1. Could you work out the local net charge near residue 114, counting Lys and Arg as +1, Asp and Glu as -1, over the other residues with Cβ closer than 14 Å to its Cβ?
2. For the chain, set up a GNM with springs between Cα atoms under 10 Å and report which of 71, 91, 43 has the largest fluctuation.
3. Ordered by residue, what ³J(HN,Hα) values in Hz, to whole numbers, does the stretch 256-262 give under the Karplus form 6.51 cos²θ - 1.76 cosθ + 1.60, where θ = phi - 60° and Gly and Pro are x?
4. Given N residues in the stretch 84-232, what is its alpha carbon radius of gyration divided by 2.2 N^0.38 Å?
5. GNM, the chain, Cα, under 10 Å: largest mean-square fluctuation among 206, 262, 26?
6. Take the alpha carbon atoms of the stretch 24-76, find their radius of gyration, then divide it by 2.2 N^0.38 Å using N residues; give the quotient.
7. Please label the shape of the stretch 1-100 as rounded, prolate or oblate, based on the square roots a ≥ b ≥ c of the eigenvalues of the alpha-carbon gyration tensor (a/c under 1.5 means rounded; beyond that, a/b larger than b/c means prolate, else oblate).
8. Based on the Cα atoms of the stretch 17-164, what semi-axes does the equivalent ellipsoid have, where each is the square root of 5 times one gyration tensor eigenvalue, given in whole Å with the largest first?
Amino acid sequence: MIELFSAYHNVIDLCLLNSLLAFSCFLLLGVNLFSLATGGLMAIGAYLSVWLTMQHGWSFAPALIAAVAAAALAALGLGTLVLRLRGDYFAMATLAFTEVTRIIALNWDSVTGGALGIFGIPQYTQTWQLILLLAAVVYLTWAVRNSSLGERMRAVASDELAVTTAGHDVALFKLWIFAASGGIAGLGGALAAHLNMFVSPGDFGFLRSVDAVVAPVLGGVWNIVGPLLGATILTVLPEALRFSAQMREILIGAAMLAVVLFVPTGVASLPALLRKRAA
């Protein structure tokens, strides 16, 4: 077991980190928000934590808290502007935020290192920290989903107009969900920066945001295990297909398409579907 962990500890760490980021989008998908702001919010958490630890000598824990707070505040400000939009327009606005943040990082050389990025970041992120923080996020998400807030989330996803008519402030509710999601993304960014010991603007672009939102969809939007499964599949599959570098992207795309077509409720629902067919 120890030898297995030593051989694949990098992949295990990435699975844990990507699962954490998947939960950021998992919350939003629960109220029908398809956000591509994850990359930009991660960048805020990553660069702030690096700046605090390397330039100001902060310890890792306070830097993580600051990264979460800054990303949550950024999400709060962004949400105030874009949550009035719907569907494709909302997705485009959040993608624009990610791209603007990436371009600022690309040109703010004194803080972000510009296109070259920042090297030599202390490797403070450890596997046990990723496990502990992921467990905390999973528990909090589960607690929210099984509380009155979770009932309201399901009601908003089912019929937002009816919830508004009943007297609930849906816009404010979505705003706080968006802020919580941003805090998780900022935490993921800070952990990623101190795990990889390098950070650059290219780490927080469109593809990062897409991966974060695809993972819970692939695993299952309404199953608490969904983001874990989806993120693990998206992390492990490229490693398993290294034997075919030219076909790897095609095979990954084909596998994801098969899941969407044949298991539309996500991989997490596959056991239940098999039991139903067997019965």
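1. Charge balance near residue 114 sits at -1.
2. Of 71, 91, 43, the Gaussian network model singles out 91 as fluctuating most.
3. 5, 5, 4, 5, 4, 6, 9
4. This ratio for the stretch 84-232 stands at 1.20.
5. 262
6. Normalised Cα radius of gyration, the stretch 24-76: 1.28.
7. oblate
8. Whole-Å semi-axes of the equivalent ellipsoid: 30, 21, 11.
The values are calculated or read from the model by the stated rules, or taken from the named source; none is laboratory data. Because the structure is predicted, anything quoted here is derived from the model rather than measured. Methodologically, a virtual Cβ is constructed for each residue, glycine included, from the backbone with ideal geometry; neighbour enumeration extends over all protein chains shown. In case anyone asks, the SASA skips ligands and DNA or RNA and just uses the protein heavy atoms, side chains included. Shrake-Rupley method; radii C 1.70, N 1.55, O 1.52, S 1.80 Å.
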